[in-house]
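**Q** Starting off with a structure, shown below.
The values are calculated or read from the model by the stated rules, or taken from the named source; none is laboratory data. Computed from a prediction, not measured in an experiment: that's the story for all the values here. No Cβ is skipped: glycine too gets one built from the backbone with ideal geometry, and neighbour counts run over all protein chains shown. Surface areas here come from the heavy atoms of the whole protein model, side chains and all, with no ligands, DNA or RNA. Shrake-Rupley method; radii C 1.70, N 1.55, O 1.52, S 1.80 Å.
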Amino acid sequence: MADDLLRYRREFPILDRTTYLISNSLGAMPKGVYDAMHGYAEMWASRGVRAWEEGWWMLAAEVGDQIGAIMRAAPGSVSTHQNVTTCQAVVASCFDFSGKRNKVVYSDMNFPSVMYFWEAQRTRGARVHMVETSDGITVPLERLLAAIDEETLLVPISHVIFRSAYINDAKAIVERAHRVGALVVLDTFQSLGTVPVDVQELNVDFVCGGVLKWLCGGPGVAYLYVRPDLGSRLQPTFTGWMAHQSPFGFEVGAIRYTDPPYRFMNGTPHVPALEACRPGLKIITEVGVDKIREKSKWQTSRLIGLADHYGWRVNTPRDPEQRGGTVSIDMPDSQEVCRELLRRDVLVDWRPKAGVRMSPHFYNTDHELETAIEAVEEILKDRQLAAR
Ligand SMILES: Cc1ncc(COP(=O)(O)O)c(C=O)c1O
């Protein structure tokens, strides 16, 4: 089958040197980032402080719109931040946990940083209810829905689970939450860029994620979508001068909030990271997530088929409709196998309760999947021989 997405390979230098199957952790760098970084340095060197009004101040919102377009968010509804944990903090700061509606429902399959953040909010009055997985792969939907009740304020939940790539039923969760007056904070770090996300169709309240994985945008940029009708009324208490109606008025006293997206920002923006993420976002937008998803379903199925062939345990849903872009494979001594794969320039990672995570993206060839699996087989054979 001709794969017209492979023409993008030339945009990503590392693909010539490694078997790059780790876009669930850090997407490959587009070579356009060299120019973007050079442009940033030129701007700083030649325009100096004028750079703020000539581009840098607006960049935070422009990049937000670029990301927003990938999830069909209205222009002006996405703010940019440094990481997802900060996005959670901005959301939490909009609410009061001292009343009866103070329950926060999430799953133990959420990314730990998000979990640590919400657990810590107990000191502010949040009543945290964690729904446990029964199989280490999926999130029990019925139990999650049942936990969302009239006292629930927020449901921070991953769209795609980082360990297993299980896709949560975001629509059902949002519907249940809205029925009882709760709000959903959907973490799309492991979905946006490889699984379609449509914030309007989901009618979701908040969406956050980062650009360094499937969006090939590098570290330092996260996004926070706030549903426009909520965005114009919420007042984040984790705030700062970017959120002020007149930031350069340097007024003394309480903040007068401006409109979104700046309303949800706080201090000086992370300009170099914002510049660095644009080439990746441009490519993902050009390729289109629907095409990426189609290929991803095929390649992840192929990886599962190869793992089955060797009898290794697959910790990822077998139904492609329930599976994001990663396949977690647990073979004997998987952590050691992962270390050896890295030494051989097969770039993957290892996570406890998951195994070796392999994550093909639109730029990977089918041959690379075979290369990675054959390398695992070879490493296991070598280890068996050495143990004799
Ligand atoms: C689903 C998910 N959320 C959040 C994060 C990271 O959060 P932060 O941006 O705060 O480091 C990751 C990183 O792997 C992730 O997979």
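**Q** Compute the accessible area per residue over the stretch 19-127, keeping the other protein chains in place, probe 1.4 Å, unit Å².
**A** 44 Å²
**Q** Over the chain, what is the mean sequence separation of C-alpha contacts under 8 Å (at least six apart), divided by residue count, expressed as relative contact order in percent? Let's see the in-between values first.
**A** Details: 765 pairs, mean separation 83.8, N = 388.
Relative CO of the chain lands at 22 percent.
**Q** Using the Cα gyration tensor of the stretch 61-120, with a ≥ b ≥ c the square roots of its eigenvalues, what is the shape: rounded (a/c below 1.5), prolate (a/b larger than b/c) or oblate (neither)? The partial results should precede the final answer.
**A** On the way: a/c = 2.35, a/b = 1.76, b/c = 1.34.
Since a/c reaches 1.5 and a/b is larger than b/c, the shape of the stretch 61-120 is classed as prolate.
**Q** If you don't mind, there's one more thing I want to ask. Report, for the chain, the % of DSSP beta bridges that are antiparallel, rounded to 5. Display every interim value, and only then the final one.
**A** Numbers: 20 of 38 bridges.
Just about 55 percent of them are antiparallel.
**Q** May I have the pair-distance distribution P(r) for the stretch 297-374, computed from all Cα-Cα distances with 10 Å bins from 0 and rounded to whole percent?
**A** 19, 59, 22, 0
**Q** Can you tell which of Gly68, Gly210, Gln88 lies farthest toward the positive end of the dipole of the chain, using +1 and -1 charges on the Cβ of basic and acidic side chains (Lys, Arg; Asp, Glu)?
**A** Gln88
**Q** Restricting things to alpha carbons, find the Rg to Rh ratio for the stretch 240-361 using the Kirkwood radius for Rh. Provide the component values of the computation, followed by the final result.
**A** Numbers: Rg = 22.2 Å, Rh = 18.3 Å.
That ratio equals 1.21.
**Q** Can I ask one more? Normalised by the number of residues in the stretch 1-155, what is the relative contact order in percent for Cα pairs under 8 Å and 6+ residues apart?
**A** Values: 133 pairs, mean separation 23.6, N = 155.
Once divided by the residue count of the stretch 1-155, the mean separation gives 15 percent.
**Q** Kindly work out what percent of the DSSP beta bridges joining two residues of the stretch 88-167 are antiparallel, to the nearest 5.
**A** On the way: 1 of 8 bridges.
Roughly 10 percent of the beta bridges in the stretch 88-167 run antiparallel, per DSSP.
**Q** Still on this model: Percent of Cα-Cα pairs per 5 Å bin, from 0 to the last occupied bin, for the stretch 33-185, please list those.
**A** 2, 8, 14, 17, 17, 13, 9, 6, 6, 5, 2, 0
**Q** Per residue, how much accessible area does the stretch 252-367 show when a 1.4 Å probe rolls over the protein heavy atoms, in square angstrom?
**A** Working: 4930 Å² over 116 residues.
On a per-residue basis, 42 Å².
**Q** In addition: What is the stretch 97-240 by shape, rounded, prolate or oblate, if you read a ≥ b ≥ c off the alpha carbon gyration tensor as root eigenvalues and call it rounded for a/c under 1.5, prolate for a/b larger than b/c, and oblate otherwise? Intermediate values should be presented prior to the final figure.
**A** Working: a/c = 1.39, a/b = 1.12, b/c = 1.23.
It is rounded, given that a/c, with a ≥ b ≥ c, falls under 1.5.
**Q** Got a number for the accessible area of Ser328? Probe 1.4 Å, square angstrom, nearest 10.
**A** Roll a 1.4 Å probe over it and Ser328 shows about 0 Å².
**Q** Using alpha-carbon pairs under 8 Å, 6+ residues apart, how would you state the relative contact order of the stretch 228-360 in percent? Mind dumping the intermediate values first?
**A** Values: 142 pairs, mean separation 20.8, N = 133.
Contact order relative to length: 16 percent.
**Q** As a test, work out the antiparallel percent of DSSP beta bridges whose residues both lie in the stretch 68-223, rounded to the nearest 5. Kindly include the intermediate steps, with their values, before the conclusion.
**A** Values: 5 of 20 bridges.
Expressed as a percentage, antiparallel bridges in the stretch 68-223 total about 25.
**Q** Past the 19 Å Cα-Cα mark, which pairs from Lys31/Lys295; Lys353/Lys381; Lys171/Lys291; Lys171/Lys213; Lys213/Lys353; Lys213/Lys297? It would help to have the intermediate numbers written out before the result.
**A** Details: Lys31/Lys295 23 Å; Lys353/Lys381 23 Å; Lys171/Lys291 22 Å; Lys171/Lys213 23 Å; Lys213/Lys353 21 Å; Lys213/Lys297 17 Å.
From the list (Lys31/Lys295; Lys353/Lys381; Lys171/Lys291; Lys171/Lys213; Lys213/Lys353; Lys213/Lys297), the Cα-Cα distance tops 19 Å for Lys31/Lys295; Lys353/Lys381; Lys171/Lys291; Lys171/Lys213; Lys213/Lys353.
**Q** With only alpha-carbon atoms in the gyration tensor, what are the semi-axes of the equivalent ellipsoid for the stretch 220-311, in Å, largest first? Write out the running numbers ahead of the final one.
**A** Working: eigenvalues 358, 47, 33 Å².
Ellipsoid half-lengths, sorted descending, are 42, 15, 13 Å.
**Q** Have a look at Thr138, Ser191, Ala386 and report the one farthest towards the positive end of the charge dipole of the chain, computed about the Cα centre with Cβ charges (Lys/Arg +1, Asp/Glu -1).
**A** Highest projection toward the positive end goes to Thr138.
**Q** To continue, here is another question. In units of 2.2 N^0.38 Å, what is the alpha-carbon radius of gyration of the stretch 268-319? Walk me through the intermediate numbers first.
**A** Numbers: Rg = 17.2 Å, N = 52, 2.2 N^0.38 = 9.9 Å.
My calculation over the Cα atoms of the stretch 268-319 gives 1.74.
**Q** When the convex hull of the Cα atoms of the stretch 85-144 is projected onto a plane and the area is averaged over all directions, what value comes out in nm²? List each step's numbers first, then the result.
**A** Numbers: hull surface 17.5 nm².
In nm², the orientation-averaged hull projection of the stretch 85-144 is 4.4.
**Q** Calculate one ³J(HN,Hα) per residue across the stretch 368-375 by plugging θ = phi - 60° into the Karplus curve 6.51 cos²θ - 1.76 cosθ + 1.60, and present them in order as whole Hz with x for glycine and proline.
**A** Working through the residues one at a time gives 5, 5, 5, 4, 5, 5, 5, 4 Hz.
**Q** Then there's this: Express the carbon and sulfur contribution to the solvent-accessible surface of the chain as a percent, rounded to the nearest whole number, probe 1.4 angstrom. Spell out each step's value before the answer.
**A** Numbers: 8820 of 16600 Å².
Carbon with sulfur: 53 percent of the solvent-accessible area.
**Q** Which value, in debye to the nearest 20, describes the size of the charge dipole of the chain about its Cα centre when Lys and Arg Cβ atoms bear +1, Asp and Glu Cβ atoms bear -1, and nothing else is charged? Show your work: numbers first, answer last.
**A** Numbers: 43 positive and 48 negative charges, 111 e Å.
Rounded to the nearest 20 debye, it is 540 debye.
**Q** Okay, next question. Let me know the shape class of the stretch 1-122, please: from the alpha-carbon gyration tensor, a ≥ b ≥ c as square roots of the eigenvalues, rounded when a/c is under 1.5, otherwise prolate if a/b is greater than b/c, or oblate. Numbers along the way, then the final one.
**A** Numbers: a/c = 2.36, a/b = 1.36, b/c = 1.74.
Verdict is oblate for the stretch 1-122.
**Q** Skip the ligands, DNA and RNA, and give the accessible area per residue of the stretch 194-245 with a 1.4 Å probe, whole Å². Please report the intermediate quantities before stating the final value.
**A** Numbers: 1690 Å² over 52 residues.
Dividing the accessible area of the stretch 194-245 by its residue count gives 32 Å².
**Q** Just how large is the dipole of the stretch 1-90 about the Cα centre, in debye to the nearest 20, putting +1 at every Lys and Arg Cβ and -1 at every Asp and Glu Cβ?
**A** Working: 8 positive and 10 negative charges, 38 e Å.
I would put it at about 180 debye.
**Q** Here is a further query. Taking just the alpha-carbon atoms of the stretch 155-224, what radius of gyration and Dmax come out, in angstrom?
**A** 12.0, 38
**Q** So, one more: State the cysteines of the chain left without a partner when partners are defined as other cysteines whose beta carbon lies under 4.7 Å away.
**A** For the chain, the answer is Cys94, Cys216, Cys277, Cys338, because their Cβ atoms have no other cysteine Cβ under 4.7 Å.
**Q** With Rg and the Kirkwood Rh both taken from Cα atoms, where does Rg over Rh land for the chain? Before the final figure, lay out the partial values.
**A** Values: Rg = 21.7 Å, Rh = 21.9 Å.
In the chain, Rg relative to Rh is 0.99.
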